[in-house]
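Before any comments, here is the structure.
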Amino acid sequence: MKMRWYTLLKSWAVKDREITKTYQEIVNAYSESHRHYHTLPHIAHVLDTLETLRPKAQDWLALQCAAWFHDIVYDPTQRTNEAESAAVAQGYLEAWSIDRDRIHTIKRLILATQDHRIPDDLPDAALLLDADLAILGSAPQDYDRYAAAIRREYDWVSLAEYQQGRIAVLQNFLQRDRIYHTNRLFADLEQAARHNLQTEIHCHQRSLNS
């Protein structure tokens, strides 16, 4: 992961000392004790998935940067994580003298992860959103670990309240015509994702009805 960060920032001529310093700050942010899923391995998974979609990217550097920063601020008790993450990214990018248009693009990509909707003039958002949701179409055992980690991040919520809220979130995804926007992830993951979501919903419903 450190080499990925180094390569990205070297593309913008950021000095080695700054790269090392900021990488540690990134690691520290994603290692906060209340995080169980929104951690550095999640970012690695997003970046790995983006690599498979790279030929479709319009601004590969901006897309990678947005992936690194999209969960830099994460507090499950708040609803401003994406906006705050975008602001943190902006602070770093301005310090590195990145051009304003690219900063604006990166901020918009991060903000798109809030409601998972793609602005018409930001096609790279489809790639980031699909990569962010790739875990939904993972193997059942990996999905189960993901679901358990999300529950741990919401351990301050009662089980029944969590299950009701989680069912609503998952049903929202199932009601979409497609979970994945890109043809590649739609072909590779859509069916598995829908199966995983339906399985989790049924599990919560059984628990609530018992």
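The values are calculated or read from the model by the stated rules, or taken from the named source; none is laboratory data. On a predicted model such as this, the values are computed, not experimentally measured, just so you know. Note that each Cβ is placed from the backbone with ideal geometry, even for glycine, and that neighbours are counted across all protein chains shown. Calculation scope for accessible area: heavy atoms of the full protein, side chains included, ligands and nucleic acids excluded. Shrake-Rupley method; radii C 1.70, N 1.55, O 1.52, S 1.80 Å.
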Leu122 assigned to a loop (DSSP other than H, G, I, E, B), more than 25 Å from Glu25 (Cα to Cα), touching a residue at least 12 places away in the same chain (Cβ under 8 Å) and of a type outside the set (Val, Ile, Thr): yes
Candidates Ala89, Ala125, filtered to the one that is more than 14 Å from the chain's Cα centre (by Cα) and buried (at least 22 other Cβ atoms within 10 Å of the Cβ): Ala89
Meets criteria (at pLDDT 95 or above, open to solvent by less than 30 Å² (accessible area, probe 1.4 Å) and either over 21 Å from Ala134 (Cα atoms) or in contact with a Lys or Arg (Cβ under 8 Å, 6 or more places away or on another chain) (or both)) for Leu63: no
Identity of the residue in segment 92-120, under 29 Å from Ile179 (Cα atoms), of a type in the set (A, V, I, L, M, F, W, C) and at pLDDT 95 or above, that ends up surrounded by the most Cβ atoms within 10 Å (Cβ to Cβ): Ile110
Residues satisfying the stated conditions in segment 155-192, i.e. touching a helix residue (DSSP H, G or I) at 6+ places or on another chain (Cβ under 6 Å), farther than 23 Å from Pro76 by Cα and in a helix (DSSP H, G or I): Leu185, Leu189, Ala192
Residues (exposed (fewer than 14 other Cβ atoms within 10 Å of the Cβ) and in contact (Cβ under 8 Å) with a residue 40 or more places away in the chain) located in segment 1-33: Ser11, Glu18, Glu32
Any chance His70 is buried (at least 20 other Cβ atoms within 10 Å of the Cβ) and not hydrophobic (A, V, I, L, M, F, W, C): yes
Any hit, segment 11-22, residues being in a helix (DSSP H, G or I), under 30 Å from Asp144 (Cα atoms) and either within 14 Å of the chain's Cα centre (by Cα) or modelled with pLDDT of 95 or more (or both): no
Residue that is nearest to Ser33 (Cα to Cα), among those in segment 146-173 that are open to solvent by less than 70 Å² (accessible area, probe 1.4 Å) and of a type in the set (D, E, K, R): Glu153
